[in-house]
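The values are calculated or read from the model by the stated rules, or taken from the named source; none is laboratory data. Keep in mind that this is a model prediction, so the values were computed, not measured. A quick note on method: Cβ atoms are made from the backbone with ideal geometry, for glycine too, and the neighbour counts reach across all protein chains shown. The area values use the complete protein model at the heavy-atom level, side chains included, leaving out ligands, DNA and RNA. Shrake-Rupley method; radii C 1.70, N 1.55, O 1.52, S 1.80 Å.
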Amino acid sequence: MRHRIAVIGGGPAGLTFARVLHRHGIPVALFERDPAPDARPAGGTLDLHEGMGQLAMDKAGLLAEFHALSRPEGQAMRILDPNGTVLRDWRPGPDERANPEIDRGHLRDLLLGPLDIQWGRGVTHVVPGGRSGATVHFADGRQEAFDLVVGADGAWSRTRSAVSPVTPHYTGVTAMETSLHDIDNRHPDLACFVGDGSVAVYGAHRSLVAQRNSGGHIKVYARFRAPLDWHKHVDPADVEAMRADLLARFDGWAAPALDLLRHGTAFVHRPVHVLPVCHTWTHVPGVTLLGDAAHLMPPLGAGANLAMLEGAELAETIALGPDGLDDAVRAFEERMWVRAGKWARITTAGLERLVSADPAEALALFDQVQPS
């Protein structure tokens, strides 16, 4: 018997889940609140790990296409101190494909493929129905019942409340994101400064990280410790006021690092929120969660990889597992919680070291993860 399955959210987790089900000939309804794929910027670059994101792409039958679009050279990483002294300059070997980079927009388009997405379908909440699935309540007032609803709707999930009362909390670390465009032609010196991959500058309680995306685009993230309402006297939408505030926060740093802020365009406020480490819930028939909806953690490279792998594994468990739908979901949740808990502990500790009183902690973490 065919089950009626819905996934809420068209990010990496939801798309991977739907794409793997599609590969196995199982229909799924995917609802996304954005009105179109390009309704808002897709975000920066992602590094997909061999045993996680790349494995998910393999399960979706898209690994070759991923390799054609990805940028292995994007794995390069240079670390400087605030004075501009180069402390580490790691470059991948010619066959190094452990964590190649791909733009989020390229990944989204690759996963979309033949999927039929219902765009502009925002969800307000999901109501479990005991042993009889769950009902999705949409922002337009409509309702639909499904045998399984998968919440892949991110940090501020509207599905999560069906299984857990927990909401994200602020870590005390915030980030301001800005972008530079056509950098190779407009700012060739900064293009060399960033290189093919990323450059990071670590100081006490703050850092600047710039990542190269495709097409000559650079994403810049200024991270620092501050109260959640630190910007109440400066509007992030006021570009010049925000630029002045950030330049003051990083006053005295090397000129190339500050130039990343001087030449940035719009600024986007991204405070770092997380769910509790080892977030779990009592199994609720008819509803489950993937990715940030299930285990929001600091953005240190694991989140999207976990989300995609979970989407692929849940889809395969449903498609290939001998057990019933609810038993398959329950078994998947048990596996997800163990793995996600491990990564939540790693990334939480990592954030503390990357934005700490002693910048040497950030360097030591890099050496631990990427020994020379």
(request) Check whether at least one residue in region 183-199 is assigned to a strand (DSSP E or B), over 18 Å from ALA76 (Cβ atoms) and open to solvent by 10 Å² or more (accessible area, probe 1.4 Å), and report yes or no. (result) no
(request) Taking the residues in region 283-313 that are surrounded by 23 or more Cβ atoms within 10 Å (Cβ to Cβ) and acidic (Asp, Glu) as candidates, determine which candidate is nearest to LEU111 (Cα to Cα). (result) GLU310
(message) Looking only at region 343-372, count every residue that is surrounded by 14 or more Cβ atoms within 10 Å (Cβ to Cβ) and within 21 Å of the chain's Cα centre (by Cα) and tell me the total.
(response) 16
(request) Residue by residue through region 34-58, note down the ones that are touching a residue at least 12 places away in the same chain (Cβ under 8 Å), outside any loop (DSSP other than H, G, I, E, B) and open to solvent by 30 Å² or more (accessible area, probe 1.4 Å). (result) ASP47, LEU55
(request) Considering only region 189-241, state which residues are hydrophobic (A, V, I, L, M, F, W, C), within 11 Å of PHE267 (Cβ to Cβ) and in contact with a strand residue (DSSP E or B) (Cβ under 7 Å, 6 or more places away or on another chain). (result) VAL220, ALA222
(message) I'm told ARG108 meets every condition in (1) buried (at least 16 other Cβ atoms within 10 Å of the Cβ); (2) in a loop (DSSP other than H, G, I, E, B); (3) touching a Pro at 6+ places or on another chain (Cβ under 7 Å); (4) not hydrophobic (A, V, I, L, M, F, W, C) except one. Can you identify the failing condition by its number?
(response) (2)
(request) Note down all Cβ pairs under 8 Å where the first residue falls in region 222-235 and is without any contact (Cβ under 8 Å) to a residue 12 or more places away in the chain, the second is in a helix (DSSP H, G or I) and of a type in the set (A, V, I, L, M), and they're at least six residues apart or on different chains. (result) VAL234/ALA241; VAL234/MET242; ASP235/ALA241; ASP235/MET242
(request) Find the residue count for region 13-33, including only residues that are open to solvent by less than 30 Å² (accessible area, probe 1.4 Å) and farther than 18 Å from GLU313 by Cβ. (result) 3
(request) Given the conditions (1) surrounded by fewer than 22 Cβ atoms within 10 Å (Cβ to Cβ); (2) within 24 Å of VAL166 (Cβ to Cβ); (3) in contact with a helix residue (DSSP H, G or I) (Cβ under 7 Å, 6 or more places away or on another chain); (4) modelled with pLDDT of 95 or more, report the number of the one that GLU316 does not fulfil. (result) (2)
